[in-house]
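Report on the structure given below.
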Amino acid sequence: MAFVALSEAEKVYIVHGVQEDLRVDGRGCEDYRCVEVETDVVSNTSGSARVKLGHTDILVGVKAEMGTPKLEKPNEGYLEFFVDCSANATPEFEGRGGDDLGTEIANTLYRIFNNKSSVDLKSLCISPREHCWILYVDVLLLECGGNLFDAISIAVKAALFNTRIPRVRVLEDEEGLKDIELSDDPYDCIQLSVENVPCIVTLCKIGYRHVVDATLQEEACSLASLLVSVTSKGVVTCMRKVGKGSLDPESVFEMMETSKRVGKLLHTSLQSVLHKEESLGPKRQKVGFLG
């Protein structure tokens with residue numbers, strides 16, 4: 001995680017502002033910064049997305065490959081997550097500096113998607129016990145400007161929405177041997193339903209209040225944060241506390257209620273943007289450094 005050094009006077013200024021529901025950049029405690037979402041940015045993937053949240057820049061690519069189902073879930077496909085923290089994001093990631101953070105983020109994503117209602121994994125099964133689709137989700141952290149987990153969860157959901165999986169047929173010959181036939185039509189694909197895919201809402205406790213979408217400076221003033229995974233219907237699927245500080249039960253309850261409120265609005269806005277971009281089709285103008 002990137003850190004920023006603040007003087008005591010700067011910390012007091014930020015904390016006192018939060019108590020008055022007025023943050024340094026003019027936002028209220030429950031306001032997000034402007035989020036830029038762009039899908040289909042990497043040509044050699046099954047789906048991709050780039051998200052900019054303030055100065056945080058995330059690129060996600062999804063690759064669908066055939067594999068063998070897991071023994072404990074023979075009629076389901078599965079997702080694999082890999083997170084790479086680029087040394088360009090912050091000098092602290094040079095060498096193997098970002099490995100621990102990458103592992104922490106990947107484990108958090110595994111925990112979020114370890115839920116049958118998140119993604120219909122049975123739709124990824126081709127032939128029970130024999131063949132299934134494996135979705136390799138690669139997350140690249142390009143720039144670190146605070147609130148990593150929220151930005152990554154938005155990018156992963158956008159990339160899964162953009163993912164197209166080729167339609168296949170299982171043919172069986174007279175001897176009972178199965179053969180897999182891939183459709184020749186590049187547009188004959190299966191689109192994943194991401195309606196129930198949750199997004200993470202991170203709430204940082206600053207003083208007696210909590211804020212969403214904290215900047216690096218605000219994160220430096222917080223000793224404890226709560227990561228809450230929320231669906232589009234406001235259902236909390238998992239929760240995790242980070243930081244050295246403690247949270248009293250009353251604060252946790254208040255933060256959960258805030259996350260439900262903010263999470264529903266976040267999902268509504270994201271779904272609207274994704275459907276609007278999809279309606280533009282392949283003729284839409286490419287923006288950003290990958291355009």
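The values are calculated or read from the model by the stated rules, or taken from the named source; none is laboratory data. The shown structure was predicted, so the numbers you read here are calculated from the model rather than taken from an experiment. Cβ sites come from the backbone with ideal geometry, for glycine too, and all protein chains shown count toward neighbours. Protein only, heavy atoms only, side chains kept; ligands, DNA and RNA dropped before computing areas. Shrake-Rupley method; radii C 1.70, N 1.55, O 1.52, S 1.80 Å.
Points to keep in mind about this one:
- What a 1.4 Å probe finds exposed on segment 98-244 is 48% carbon and sulfur by accessible area, rounded to a whole percent.
- Averaging 1/r over each pair of different alpha-carbon atoms in segment 62-128 and inverting the result gives 13.9 Å, the Kirkwood hydrodynamic radius.
- Per residue accessible area in Å² of the chain, where ligands, DNA and RNA are left out and the probe is 1.4 Å: 53
- Treating each Cα of segment 223-279 as one equal point scatterer and applying the Debye formula with no solvent, the log10 of I(q)/I(0) at q = 0.20, 0.24, 0.29 Å⁻¹ comes out as -0.74, -0.91, -1.11.
- Alpha carbon Rg of segment 84-172, scaled by the compact-globule rule 2.2 N^0.38 Å: 1.36
- Most mobile of ARG23, ARG96, ARG33 in a GNM of the chain (Cα contacts under 10 Å): ARG96
- Packing, taken as the mean count of other beta carbons within 10 Å per residue, orders the peptides 140-149, 115-124 from highest to lowest as 140-149, 115-124.
- Whole-angstrom gap from segment 131-175 to segment 216-283, using each part's C-alpha centre: 21
- Top positive-direction residue, dipole computed over segment 162-253 with Cβ charges, set VAL201, VAL211, SER183: VAL211
- Spatial separation of Cα centroids for segment 182-200 and segment 29-58, in angstrom: 19
- 30 Å Cα-Cα threshold exceeded, pairs from LYS52/LYS241; LYS11/LYS52; LYS122/LYS244; LYS241/LYS264: LYS122/LYS244
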